[in-house]
1. Any idea which residue in region B:363-373 is farthest from the other protein chains (Cβ to nearest Cβ), counting only those that are under 24 Å from residue A:33 (Cα atoms) and free of Cβ contacts under 8 Å to residues at least 24 places away in the same chain?
2. For residues in region B:33-71 being within 14 Å of chain A (Cβ to nearest Cβ), crowded, with 19+ Cβ neighbours inside 10 Å and in a helix (DSSP H, G or I), which is farthest from the chain's Cα centre (by Cα)?
3. Can you pull out the residues in chain A that are more than 9 Å from chain B (Cβ to nearest Cβ), among the hydrophobic types (A, V, I, L, M, F, W, C), part of a strand (DSSP E or B) and closer than 29 Å to residue B:267 by Cβ?
4. Among the listed residues B:117, B:106, B:113, identify the single one that is in a helix (DSSP H, G or I), among the β-branched types (Val, Ile, Thr) and surrounded by fewer than 15 Cβ atoms within 10 Å (Cβ to Cβ).
5. Out of region B:72-98, which residues are surrounded by fewer than 17 Cβ atoms within 10 Å (Cβ to Cβ), free of Cβ contacts under 8 Å to residues at least 60 places away in the same chain and over 21 Å from residue A:5 (Cβ atoms)?
6. Inspect all residues belonging to region B:278-287 and state whether any of them is in contact (Cβ under 8 Å) with a residue 12 or more places away in the chain, among the acidic types (Asp, Glu), part of a helix (DSSP H, G or I) and touching a strand residue (DSSP E or B) at 6+ places or on another chain (Cβ under 9 Å).
7. I'd like to check something: does region A:18-29 contain any residue that is closer than 16 Å to residue B:76 by Cβ and modelled with pLDDT of 90 or more?
8. Report yes if some residue within region B:16-27 is away from every other protein chain (no Cβ under 14 Å), part of a loop (DSSP other than H, G, I, E, B), out of contact with any strand residue (DSSP E or B) (no Cβ under 6 Å at 6 or more places or on another chain) and in contact (Cβ under 8 Å) with a residue 60 or more places away in the chain; otherwise report no.
Amino acid sequence: MTYFWRDRVGEVHLMHYAVTDGEALYELVYNTLDQTWSLNGLHTEQP
Amino acid sequence: MNAFFASVEQQANPELRGKPIAVVGGSERTVITTSSYEARAKGVKTGMAVWEGKRVCPELIIVVGDNRKYTYTSSKINEIFRDYTPEVEAFSIDESWLDITHSLGIFGSAETIAYLIKARIRHSFGITCSIGIAPNKLLAKLASDMKKPDGLTIIAPDDVLRVLERMPINELCGIGKKMQRHLNMMSIHTCGELGRCEEARLTSKFGITGSRLKQMGQGIDHSTVIQFGEEAAVKSVGHSRTLERDIDDPAEIRHFLLQLSEMVGSRARKYNVSGKTIHLYVRYADFFSSWGKQTTLKNYINQSDDIYRASLSIIDTVKLEQPVRLLGVSLSNLKHHAEQLPLFGVERKKLFATQAMDKINDRFGSMAVTYGSLLPEKESAGSHVIPPSWRPDGIRSVDVK
């Protein structure tokens, strides 16, 4: 994990985790209300 | 914080570390909000167009900023500050003043506190900051700007006049380019010269500000650190947004005005206030020219469509000279809105609909329910540039008559 931040949409708290496997950077988001994970973004060096 | 947005992005994405990067407000935006020190070393500056940045630094990596990361990090950093003193004033998203007068007995010295803060910020977020230690806010800000990145500068009380003697006046917080030009025309170029200038000469030119300028030149600043909750009460409710791209289409401008009016109205209703004066602010595509106009109504309003109509009545009186870069709407002349049911059915329905909409938006997030005309394909209007008024704890108080 490289970075963590939180924000809120209405009453829902979202926890954002930037994680990397060495090749790409993924933004995973945990929704504290639904208790679900989602992939919010993917960055790679190569197009 | 040093190159705050860029540093956060470099921490979030290790691939960017040690590389020249520039952060922009949105994917369509072409102006650089901030850049990493690696980019600055190659001549990239804040406010440059992306193409200019790429010209001076071809390997420049453009990153679209994510405000949620910055506001969260800033809030957490301000929490660290509060471990050392309750007297913390956030000046902007990446600058704060701390009054540690009463904490010295606990922590030993100002330097110890500074080193502890630097270490904790680096440990928690991997980013560096520059700290200035001085007898007052003016000098602390000056000191923090003297060594970047990762600096620690102390201006001791006995050293103030020596430091200021040859310091260019534009280094002082509060002296912008315009003021600098005026002072230069009076042959004042350094803080030493400003401090020695006769007060009458300064006041005859700048009025009451003249006395303050002389004090600034002498390193005198009596302003106190205003901690959260003790700020001057807010006298208006407003929103401004830099647009995703410069626009000149009147329909798009109206669309965006409606969006801003809804944001202002929703916040005014949340605070249970209404206002009589609507102020509209427009900044043009050239980044520098702008205007602001206001209108005062007979009645107090806080319904979004009323705010929108008042904003339209202002913009309709102006011929726009260039495409628009930024729009701002604010509601002032506020009073507490004692809830009163409208007499007529149509008005009452409108009030109930608005209340229902506000409740849903409070629960599911702003704009979860909004005007139909705001929905199609233009949801992402605005490049989400953080306004200077942003504070870690959000705006809590709204002043009313």
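The values are calculated or read from the model by the stated rules, or taken from the named source; none is laboratory data. These numbers were taken from a predicted model, which means no experiment stands behind them. Quick reminder, even Gly has a Cβ in these numbers, built from the backbone with ideal geometry, and neighbours come from all protein chains shown.
1. So the residue we want is B:369.
2. B:69
3. A:15, A:29
4. B:106
5. B:91 - this is the single residue of region B:72-98 that is surrounded by fewer than 17 Cβ atoms within 10 Å (Cβ to Cβ), free of Cβ contacts under 8 Å to residues at least 60 places away in the same chain and over 21 Å from residue A:5 (Cβ atoms).
6. Scanning region B:278-287 turns up no residue that is in contact (Cβ under 8 Å) with a residue 12 or more places away in the chain, among the acidic types (Asp, Glu), part of a helix (DSSP H, G or I) and touching a strand residue (DSSP E or B) at 6+ places or on another chain (Cβ under 9 Å).
7. Yes, some residue in region A:18-29 is closer than 16 Å to residue B:76 by Cβ and modelled with pLDDT of 90 or more.
8. Checking region B:16-27: not a single residue is away from every other protein chain (no Cβ under 14 Å), part of a loop (DSSP other than H, G, I, E, B), out of contact with any strand residue (DSSP E or B) (no Cβ under 6 Å at 6 or more places or on another chain) and in contact (Cβ under 8 Å) with a residue 60 or more places away in the chain.
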